[in-house]
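The values are calculated or read from the model by the stated rules, or taken from the named source; none is laboratory data. Computed from a prediction, not measured in an experiment: that's the story for all the values here. Here the Cβ is made from the backbone with ideal geometry for all residues, glycine too, and neighbour counts use every protein chain on show.
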Amino acid sequence: MPIRNQIRELRAARQMTQQELADRVGVTRQTVIAMEQDKYSPSLETAFRVALELGVPFDQCFRYERDGKR
């Protein structure tokens, strides 16, 4: 999956649990787990909410990695 994130690291630095982040963003804890494991790419709206709740710019939380194809 070409979208990577720093959710786990940013959340841990703020001593925030997965459940706390999920509640603030409006998703389930399982969704936060899947995002942290790069198994789920959130909608753009959810991704912006995550970055906002973590207090960082969007591009510090999420990044797109090309797979070598143009």
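Of the residues in region 1-14, how many are assigned to a loop (DSSP other than H, G, I, E, B) and not polar (S, T, N, Q)?
So the first thing to find is which residues in region 1-14 are assigned to a loop (DSSP other than H, G, I, E, B), and the list is 1-2, 6, 14.
Subsequent filtering for residues that are not polar (S, T, N, Q) retains 1-2, 14.
Qualifying residue count, region 1-14: 3.
Considering only residues of region 14-32 that are of a type outside the set (S, T, N, Q) and out of contact with any helix residue (DSSP H, G or I) (no Cβ under 6 Å at 6 or more places or on another chain), which is nearest to PRO2 (Cα to Cα)?
Quick first cut of region 14-32, residues of a type outside the set (S, T, N, Q) only: 14, 16, 20-27, 29, 32.
Right, trim to out of contact with any helix residue (DSSP H, G or I) (no Cβ under 6 Å at 6 or more places or on another chain) and you get 14, 16, 20, 23, 26-27.
Details: ARG14: 26, MET16: 26, GLU20: 26, ASP23: 26, GLY26: 24, VAL27: 22 Å.
So the residue we want is VAL27.
Could you please find all residues in region 9-19 being within 16 Å of THR46 (Cβ to Cβ) and of a type in the set (D, E, K, R)?
ARG11, the sole residue that qualifies.
Go through (1) surrounded by fewer than 13 Cβ atoms within 10 Å (Cβ to Cβ); (2) in contact with a Ser or Thr (Cβ under 6 Å, 6 or more places away or on another chain) and name the single condition GLY26 misses.
(2)
Taking region 15-70, which residues are part of a loop (DSSP other than H, G, I, E, B) and aromatic (Phe, Trp, Tyr)? Don't jump to the end; show me each part of the working.
Quick first cut of region 15-70, residues part of a loop (DSSP other than H, G, I, E, B) only: 15-17, 26-28, 37-43, 55-57, 65-70.
TYR40, the sole residue that qualifies.
Does any residue in region 32-51 that is surrounded by fewer than 19 Cβ atoms within 10 Å (Cβ to Cβ) and among the small types (Gly, Ala, Ser) come within less than 7 Å, Cβ to Cβ, of a residue that is at pLDDT below 95 and assigned to a loop (DSSP other than H, G, I, E, B) six or more places away or on a different chain, and which pairs are these?
Between residues of region 32-51 that are surrounded by fewer than 19 Cβ atoms within 10 Å (Cβ to Cβ) and among the small types (Gly, Ala, Ser) and residues that are at pLDDT below 95 and assigned to a loop (DSSP other than H, G, I, E, B), the close pairs are ALA34/TYR40; SER41/MET1.
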